[in-house]
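Input: a single structure, listed below in structure tokens.
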Amino acid sequence: MAEEVLYEAGVVKITPARVVIGGSTYVVANIASVQAVTDSKLRFAGYVVMFIGLALALALSATTAGVVLGVTVVLAGAILAKFGVSTEVVITTGAAQQVALRSRDASVALRVASAINLAVMKRSEHSPR
């Protein structure tokens, strides 16, 4: 009998018995909780880099090369601030808590977390009491 697939996309496959993400497999019976967490540490770093670039541009404004360097650093910081946010799917088992998936697209991480929660619920429905 084929296992019911609750979610499958790319390297992610979730069934009521197991969760496969890339090269890692998690047994659903061992999963205590799942959550989607936003990680915005890189966004803050981008703002810091932008500030440093602005300071460089102002401090070295006497030379064209200094202004170009400062503007380049500001642009790099802006890119980091724009794309520095990711959403992580964190799985907690009895042994540890670990990031199972990291995605820049929050909707993908939320779909994966929801599918894992559904698998946990389906698994608990069928477990003996």
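Cut-off 16 Å, label point 7 angstrom out along Cα-to-Cβ of Ser124: give me the residues of the stretch 1-31 whose amide nitrogen falls inside.
Residues 16-17, 28-31 qualify, since their backbone N sits under 16 Å from the label point.
So for the pair Ala17, Ser114, with labels modelled 7 Å out along Cα→Cβ, what separation do we get in nm?
2.6
Once fully extended, how much extra length lies between Ala9 and Thr64, figured as 0.36 nm per residue of separation less the alpha-carbon to alpha-carbon distance? Intermediate results must be reported in sequence, preceding the final value.
Values: separation 55, 0.36 × 55 = 19.80 nm, distance 4.92 nm.
Contour length minus Cα-Cα distance gives 14.9 nm.
In debye, nearest 20: dipole of the chain around its Cα centre with unit charges on the Cβ of K, R (+) and D, E (-)? Walk me through the intermediate numbers first.
Working: 11 positive and 7 negative charges, 21 e Å.
Computed charge dipole of the chain: roughly 100 debye.
Project the alpha carbons of the stretch 41-83 onto their principal axes and report the range along each, largest first, in whole Å.
33, 12, 7
Once the dipole of the chain is set up with Lys and Arg at +1 and Asp and Glu at -1 on Cβ about the Cα centre, which of Gly10, Val108, Val49 lies farthest towards its positive end?
Among Gly10, Val108, Val49, the one farthest towards the positive end of the dipole of the chain is Val49.
Just want to confirm a number: the relative contact order over the stretch 41-83, from Cα pairs under 8 angstrom separated by 6+ residues, in percent.
Values: 63 pairs, mean separation 23.1, N = 43.
Normalised by residue count, the contact order of the stretch 41-83 is 54 percent.
What are the extents of the Cα atoms of the chain along their three principal axes, listed from largest to smallest and rounded to whole Å?
The Cα atoms of the chain stretch 76, 26, 21 Å along the principal axes, largest first.
For the stretch 44-129, what is the relative contact order in percent, using Cα pairs closer than 8 Å and at least 6 residues apart in sequence?
Numbers: 98 pairs, mean separation 18.6, N = 86.
RCO, the stretch 44-129: 22 percent.
Quick note: the coordinates plus some simple rules give every number you see, no bench work behind them. It should be emphasised that the depicted structure is a prediction, and the values quoted were computed from it without experimental measurement. FYI the Cβ positions are ideal-geometry reconstructions off the backbone, even for glycines, and counts take in every protein chain you see.
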